[in-house]
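Read-outs: derived from the displayed coordinates by stated rules, not from any lab. Keep in mind that this is a model prediction, so the values were computed, not measured. Ideal geometry is used to build each Cβ from the backbone, glycine not excepted, and the neighbour counts take in all protein chains shown.
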Amino acid sequence: MTTTQSSTCPYCGVGCGVEATLDGRQMTVRGDGAHPANQGRLCSKGTALGNTFGLEGRLLSPRRRTPQGFAETTWEAALTEVAGRFRDIIAEHGPDAVAFYVSGQLLTEDYYAVNKLAKGYIGTANIDTNSRLCMSSAVAAHKLAFGADLVPGVYDDLSEADLLVFSGHNAAWTHPVLYRRIEARPDQFRVCIDPRRTDTAKAANLHLMIRPQTDVRLWNGLCAHLIARDALDHDFVDQHTHGFSRLMAALSTDDQSLEAVAADCGISSVDLKTFYDAFLQTDKVVSLFSMGSNQSSQGVHKGLSLINAHLLSGKIGKSGAAPFSITGQPNAMGGREVGGLANMLAAHMDFDDASKALVQRYWGSPTLAPKPGLKAVDMFEAVRTGKIKAIWIMATNPMVSMPDANRIHEALSKCELVVVSDVMARTDTMDMAHIQLPAAAWGEKDGTVTNSERVISRQRNLTRLPGDVRADWAIIAEVARRMNPDWAQAFDWAGPHEVFAEHAGLTAFENNGQRFLDLGGLVGMTRAQYNALMPVRWPFPADGLPATRLFADGCFNTPNGRARLVPPVVRGPAQQPTPDFPFSFNSCRVRDHWHTMTRTALAPELNRHITEPTLDIHPKDARRLGIRDGRLVVVTTVQGEAIYKARVTDDVRVGNLHAPMHWTQQFAPYGRSNGLINPAVDPLSGQPEFKHTPAQVRAFGELWHGFLMVPRDFDGAPPVFAPDTVWRRTAYAHAEGYEIAGTGTPDSADFDATATLEDPATGIRRQVRIENGRLTRVLFIAPIHKNLPPRDWLLDCFGEAELSAPQRAALLIGRMPGVSDKGRTICACNSVGENAIMACIDDGAATVEAIGEATRAGTACGSCKGELKQCLLRREGSHVAPIEAQPIII
């Protein structure tokens, strides 16, 4: 039976609506044209959702650790053990001896349930979320400036603005659907502030390639420039802000001349003046800030300095004018709303006496956490030192995503009880659990999420829960009831609609217009109304209509109703480079993967754009250190070591290194970036400094390289490599590919070969195995100075039910005569390779649009358009025509 249902994408914070058509477990997905966030568009990741919906690798039953490994158990036994051990640890050591580490991938209902259990019934605020790693600096800046965690802008502002500033935000890759909206305004002036030349920077009118961590200096300089040029909105500043004289005094302590600011930021004073003048002369300005701004030991002050520029010029609360924090996860906003951060209580309330009394009255709870809990970095340090005896980790992978990730391994190894509820049976964190609980995945979950523009959308279940899988909120409620029978009524929800109703009720409880977060208009929904809920933006009070942009009336959520102008302090990163660690290492994201790849790695089309962890290094640094493009390099910091394939490029500054954060022990155990990251945090937000760690780099010096391929449906033991072999695994449509290299004797990856080609004199070895006419194993090894054949044709051979005679004859050659290689995938949506694109250009295509017409590349989500333009530019003497941004029609 085929059914179609609307839902919301589970990836970034754009919150795209999707329409999913399901036939059994086979799913096709398209954008929902009625959803306000995406208006029918989807990015490559959203488009591939159907290919991640199967049960491959899923955890389908509870399991507990035994001396022999993990063994399945019943829900009754698992829940009873979790509840009993939490109860015993609390009785002996107190409520702060337990902790919860949760995720922006939970639904609001899940978040609400666990926050209520921790803060209102156990009595600890030791509950923090992985949103601490991405959004907490923006949250703190919002609270300091506006009085609450409030995002003033809406997506329509992006296309209405005449000047768009990207501050530490590679929107072309990380929020491509929003970027498509932006491209619909080719006359819009765009400035990108980023130490890396990203796709967003390449398409901008002006790229300010600043030194890492000089953002505050840049934005403070703009504020001083506004004051010096008398370009303030005096009426707005006088009537709607507080602290102007203090800010002006703080700015006057530094030399704010264009030349001084430009020198400190490492950019041209001409470019700086262009930016400052554009900001001064343009009424409609939106400044987007994201991870590059937030993930810093001065992330809060980066946000404040940007917000100050908008407050001083009155560019806020108006069409096309806002400071706009863009979230990275599908429900980071929902988690912030319910109080999922350790320093927030619930419903945007803090730990002041009045708020604590209000929340306890509403919950009717026996206790309440008296003070803020431990933020993520401090929480795991407390686990490591034994202060926290039990931790429950939900829907996240801190063994990979936390800074100084090797220390997280030490912490969880020492912990008395580690409970992990998640979707996949194997993640780096799941492997550390004592008890594993199978949670519902996207398409099985049922609840709500809130996106970056405060729009609440339904994420609907599209199929029944498989195996023994349960919803997170239901698991939490069951544990609560077992911990104390007196708590049963407080966690006796019949479904997610009742959890949401309780959450909405708390936002409206004794509110009286004092708190902007008010969902009073959604209180009292029936199950049917909840199921039919259309996207709606808050605030939505009971006596009003849903809001659009905030602060249009100049009223803020502070005691005096005025925004605060908080003087940001200019300071460098937590650790400066040293002679031993002279480079600045910065972690980043790639276009087609998300977080730690547990979902995106299941979709073959998403694995072919960037297939392994790479390190961007400037040509001058590479030459000086003898590093060659495409060869392996070793990056070392005080925290750890990782190995990458070098990408020598002037897309980075001299002295800067950039590498993606996605790869894990499951996919590239030597390429785990966050094991390198200094765990220094912003003192106000607790957000780690992922964007700068002092590092050193050297050539790995591999002597040989090769690849191993096995069928995707291979049910035997996974390949085992020698300890000194560097390997990286990638899932393709029909096979799993392992890229391997080393400095010692080449790895044999022993298997019984059907055919072998070996030349001891040159070090070349090629082996294949065929069983019942089907290809089941391929191994190619060569000295590092010898090229290996392209992988495409061999990978396709694994999809053949029976190889033909010509195919068998060509296996040891590695390619079939007359069959062209696709090259690296550029367009994931339509599976268009680089070689087809370059051939199209050679045949006369001179624009991105012409390439799209001939190959379909760039005609779906459009996130590859920047690379298509780079393909055009690469041709010497290229006949490139000007490329204007156009709206994408899907």
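For region 1-83, the set of GluC sites (Glu not before Pro) satisfying both a DSSP loop assignment and a count of at most 14 other C-beta atoms within 10 Å is given as Glu56. Here Lys318 is the anchor, and the aspartates and glutamates within straight C-alpha reach of less than 16 Å, apart from those fewer than 8 places off in the same chain, are Asp156, Asp157, Glu160, Asp162, Asp233, Asp235, Asp283, Glu453, Asp553. Over region 583-810, the hull volume per residue, using the convex hull of the C-alpha atoms, is 137 Å³. For region 607-679, applying the loop criterion from DSSP together with a ceiling of 16 other beta carbons within 10 Å to the trypsin sites (Lys or Arg not before Pro) yields Arg628. Evaluated with a Cβ-only charge set (Lys, Arg +1; Asp, Glu -1), region 136-325 carries a dipole of roughly 480 debye about its Cα centre, given to the nearest 20.
The mean sequence separation of alpha-carbon pairs under 8 Å and at least six residues apart, normalised by the residue count of region 249-391, gives a relative contact order of 14 percent.
If you take the alpha carbon atoms of the chain and fit the smallest convex hull around them, that volume is 166 Å³ per residue.
Across the options Thr762, Val710, Thr598, the greatest Cα extent toward the positive end of the charge dipole of region 583-810 (unit charges at beta carbon of Lys, Arg, Asp, Glu) belongs to Thr762. Positive-end ranking of Gly147, Leu133, Ser159 along the dipole of region 116-178, with charges on Cβ about the Cα centre, is headed by Leu133.
Distance from the Cα centroid of region 377-440 to that of region 137-211 is 34 Å (rounded to whole angstrom).
When each of the peptides 311-317, 279-285 is scored by the mean number of other C-beta atoms lying within 10 Å of its residues, the order from highest to lowest reads 311-317, 279-285. Note on the chain: helix-only mean residue ellipticity at 222 nm, from DSSP H runs of 4+ residues weighted -39500 (n - 2.57) and normalised by residue number, equals -8000 deg cm²/dmol. A simple count of charges around Glu498, restricted to other residues whose Cβ falls under 14 Å of its Cβ and scoring Lys, Arg +1 and Asp, Glu -1, yields -3. Computed 3J(HN,Hα) for region 767-784, one whole-Hz value per residue from the Karplus formula 6.51 cos²θ - 1.76 cosθ + 1.60 where θ = phi - 60°, is 9, 9, 10, 10, 10, 6, x, 10, 6, 10, 6, 9, 9, 10, 9, 8, x, 4, glycine and proline marked x.
Over region 136-325, the alpha carbon radius of gyration divided by the compact-protein estimate 2.2 N^0.38 Å works out to 0.94. For the peptides 610-618, 243-251, 552-560, the ranking by mean Cβ contacts within 10 Å, running from highest to lowest, is 610-618, 243-251, 552-560. Packing order of peptides 198-211, 93-106, 842-855, highest average first: 93-106, 198-211, 842-855 (average count of other Cβ atoms within 10 Å over each peptide's residues).
Note that region 506-512 has calculated 3J(HN,Hα) couplings of 5, 5, 8, 5, 6, 7, 6 Hz, one per residue in order, obtained from phi through the Karplus relation 6.51 cos²θ - 1.76 cosθ + 1.60 (θ = phi - 60°); glycine and proline are x. Its convex hull of Cα atoms gives region 384-430 a direction-averaged projected area, equal to a quarter of the hull surface, of 3.1 nm².
Panel note: the C-alpha atoms of region 189-230, placed on their principal axes, show extents of 34, 24, 8 Å (largest first). In a reduced charge model with +1 at each Lys and Arg Cβ and -1 at each Asp and Glu Cβ, the chain shows a dipole moment near 600 debye about its Cα centre. Rg ratio for region 2-52: its Cα radius of gyration over 2.2 N^0.38 Å, N being its residue count, equals 1.03. Working value for region 825-874: equivalent-ellipsoid semi-axes of 14, 10, 10 Å, each the square root of 5 times a Cα gyration tensor eigenvalue, largest first.
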